[in-house]
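Visitor: Pasting a structure here, questions to come.
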Amino acid sequence: MYEFIRLIYKYIDKIMYLKKNQLLPIFKLSQKKSEIEDCPILFTFTQKIELNCDINKLLDLELKELNGKSYWGQLSEKNYFFSLGEIYSINSDIIKSKSKLNMNIEKIIKETISYNETPQEEIPIFIGGQNFNLNDKNSNIWDGISSSNYRIPKILIKKNKNLTTITFFSLIDNKTCLTKLYSKYSVYYRIIKEYKNQRKQNQIKLESKKIRLSKNIFANNVTKVKSMIDNQNISKAVLSNICEYSFKGDITYSSFIESLEKKYPECAVFYYNYNGVFLGASPEKILSSNQNSLLIDALAGSINRDKNPQKDIENQQELLKDKKIIHEHDIVVKGILESLSKININANPGSKHILKLKNIYHLKTCIKAEKNSENIMDILDSIAPTPALSGYPKEEAIKIIENLEDYDRGWYCGAIGWINSNLNANFYAGLRSAYIKNNYIYIYAGAGITKDSIIENEWNEIINKMSA
């Protein structure tokens, strides 16, 4: 029996590029730290991996013991990751105070001990997202999803340009056995490395279709918002709508995600399987940090693309000179700068330019700032939701939205993304998105309402975004 076990471990050592003995010193260091801190310590190790399929094909990999998946893809930056399982979750159901939740995330990351054999950098540790309105407790279709939820996966595969790596995560204490840990992850490594996706394309049949807010109700809501603007209560509010489909069959998510990446290479394509699937292709960066710098996108004002080349050029010119669009965009920039100034961050907005997507043009301003000593998650909470997603002033606009919309936004227009081992973060708005649960697809879209809004134009903007 002993010889048999010895042969098994010898075989496992041949599977993994990174050997168990290489991990031993840093593993013992983790155990020592857990004794001093009197709590488990996050231990991670990273090595190269060669896959037999594209990374997005792993979405169809089923491992019962590794529930929960997430995916992130940015084709324009050639940056992708896929995660499986969960070793730790921190959410608003456990910790009611968002500031304490943010502190815990920072503390765990700072105490993490990692071994990385590769040049791969910026490996995500916490992956998740949060509500449009952090004060809301989710119900109805979003029931079972916390208003704020961040997870440490068991396994994360990351591809950046031509380098693909696999990272294993564990919470270590003095009772943890490295041999058992190593052998368990070796099995997962082999399964992932040898996986070949042979699933067919989507085989689903859409059945009923329903727009949540009729055109008349939406028009009444726009009129109410414009009345509040006239009374100087607000300058802008972003109204949304939902297109709801029922369907039969199974969705092949790898095909779904691959299609989104090809159509929207400029966007962050995301997928979360947290008691339902939330996915989309977001063009709007809420916050990214790198070393000492912050980058935020002000994205507001849009116009549809046209198949006629001449008309398409005219649409671009219109986007840059339309008074309603410029006014709406400037409100967003102003609101973001004010949010940053409240936490003592001075920012510099760039010049307005056009973001070109497959179906639509957006007016965009990149805002840069120097990072201060604030927790990166606290900075995120100060900014999100930006006026591009809520309105201005933000608090008043959110109250108006809550009164006018008789449904949960959940994570739609919330912040979704990740925080890595260097406490750098990358968060996008959860828009151009769908939520899929119990054979229903809920497609969200919104439009910013200002004093110059025309009901027909705002309605058409939402329908166009849903159609995409």
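Visitor: Just checking, how many residues over region 1-26 are modelled with pLDDT of 90 or more and either open to solvent by less than 10 Å² (accessible area, probe 1.4 Å) or among the basic types (Lys, Arg) (or both)?
Guide: Total satisfying the criteria: 1.
Visitor: Output the residues belonging to region 270-307 that are touching a Ser or Thr at 6+ places or on another chain (Cβ under 6 Å) and open to solvent by less than 30 Å² (accessible area, probe 1.4 Å).
Guide: Listed by number, the residues that qualify are Tyr272, Gly280, Ala298.
Visitor: Also, quick follow-up: Give the residue that is modelled with the lowest pLDDT, with candidates limited to residues of region 201-259 that are open to solvent by less than 50 Å² (accessible area, probe 1.4 Å), of a type in the set (A, V, I, L, M, F, W, C) and out of contact with any Phe, Trp or Tyr (no Cβ under 9 Å at 6 or more places or on another chain).
Guide: For region 201-259, the residue satisfying everything is Ile251.
Visitor: How about region 367-385: which of its residues are touching a residue at least 12 places away in the same chain (Cβ under 8 Å) and either open to solvent by 40 Å² or more (accessible area, probe 1.4 Å) or farther than 24 Å from Ala281 by Cα (or both)?
Guide: Lys368, Ala369, Glu370, Lys371, Asn372, Glu374, Asn375, Asp378
Visitor: Just name the residue that is farthest from Val187 (Cα to Cα) out of those in region 131-163 that are assigned to a loop (DSSP other than H, G, I, E, B) and open to solvent by less than 40 Å² (accessible area, probe 1.4 Å).
Guide: Asn133
Visitor: Here's another thing I want to ask about it. Report yes if some residue within region 444-464 is at pLDDT below 90, in a helix (DSSP H, G or I), under 22 Å from the mean Cα position of the chain (by Cα) and surrounded by fewer than 18 Cβ atoms within 10 Å (Cβ to Cβ); otherwise report no.
Guide: No, region 444-464 contains no residue that is at pLDDT below 90, in a helix (DSSP H, G or I), under 22 Å from the mean Cα position of the chain (by Cα) and surrounded by fewer than 18 Cβ atoms within 10 Å (Cβ to Cβ).
Visitor: Please verify whether Ala388 is surrounded by 24 or more Cβ atoms within 10 Å (Cβ to Cβ), within 24 Å of Ser288 (Cα to Cα), in contact with a Cys (Cβ under 7 Å, 6 or more places away or on another chain) and not β-branched (Val, Ile, Thr), treating the condition exactly as stated.
Guide: Taking the combined requirement at face value, the residue does not satisfy it.
Visitor: Oh, and also: Can you name the residue in region 53-109 that is free of Cβ contacts under 8 Å to residues at least 40 places away in the same chain and polar (S, T, N, Q) and is also most open to solvent (accessible area, probe 1.4 Å) among such residues?
Guide: Asn67
Visitor: Checking Tyr412 against (1) assigned to a loop (DSSP other than H, G, I, E, B); (2) on the phi > 0 side of the Ramachandran plot, only one condition comes out false. Which one?
Guide: Among (1) assigned to a loop (DSSP other than H, G, I, E, B); (2) on the phi > 0 side of the Ramachandran plot, Tyr412 violates only (2).
Visitor: Here's another thing I want to ask about it. Just to be sure I understand, how many residues within region 127-155 are in contact with a strand residue (DSSP E or B) (Cβ under 6 Å, 6 or more places away or on another chain) and within 25 Å of Asp378 (Cβ to Cβ)?
Guide: Residues in region 127-155 being in contact with a strand residue (DSSP E or B) (Cβ under 6 Å, 6 or more places away or on another chain) and within 25 Å of Asp378 (Cβ to Cβ): 11 in total.
Visitor: Is there a residue being in contact with a helix residue (DSSP H, G or I) (Cβ under 8 Å, 6 or more places away or on another chain), at pLDDT below 95 and more than 19 Å from Ser339 (Cβ to Cβ) anywhere in region 365-384?
Guide: Looking for residues that are in contact with a helix residue (DSSP H, G or I) (Cβ under 8 Å, 6 or more places away or on another chain), at pLDDT below 95 and more than 19 Å from Ser339 (Cβ to Cβ), one finds none in region 365-384, hence no.
Visitor: Now, a different point. For Ser421, only one of the following conditions fails: (1) surrounded by 24 or more Cβ atoms within 10 Å (Cβ to Cβ); (2) farther than 20 Å from Phe278 by Cα; (3) of a type outside the set (A, V, I, L, M, F, W, C). What is its number?
Guide: Every listed condition holds for Ser421 apart from (1).
Visitor: Residue check: is Ile229 touching a Ser or Thr at 6+ places or on another chain (Cβ under 9 Å) and in contact (Cβ under 8 Å) with a residue 24 or more places away in the chain?
Guide: Answer is yes for this residue.
Visitor: Could you tell me which of the residues Ser183, Ser240, Ser255 is under 27 Å from the mean Cα position of the chain (by Cα), polar (S, T, N, Q) and over 30 Å from Ala397 (Cβ atoms)?
Guide: Ser255 is the lone residue from the list that is under 27 Å from the mean Cα position of the chain (by Cα), polar (S, T, N, Q) and over 30 Å from Ala397 (Cβ atoms).
The values are calculated or read from the model by the stated rules, or taken from the named source; none is laboratory data. Note that this is a predicted model, so its numbers are computed, not measured. Cβ: placed from backbone, ideal geometry, glycine included. Neighbour counts: every protein chain shown. Calculation scope for accessible area: heavy atoms of the full protein, side chains included, ligands and nucleic acids excluded. Shrake-Rupley method; radii C 1.70, N 1.55, O 1.52, S 1.80 Å.
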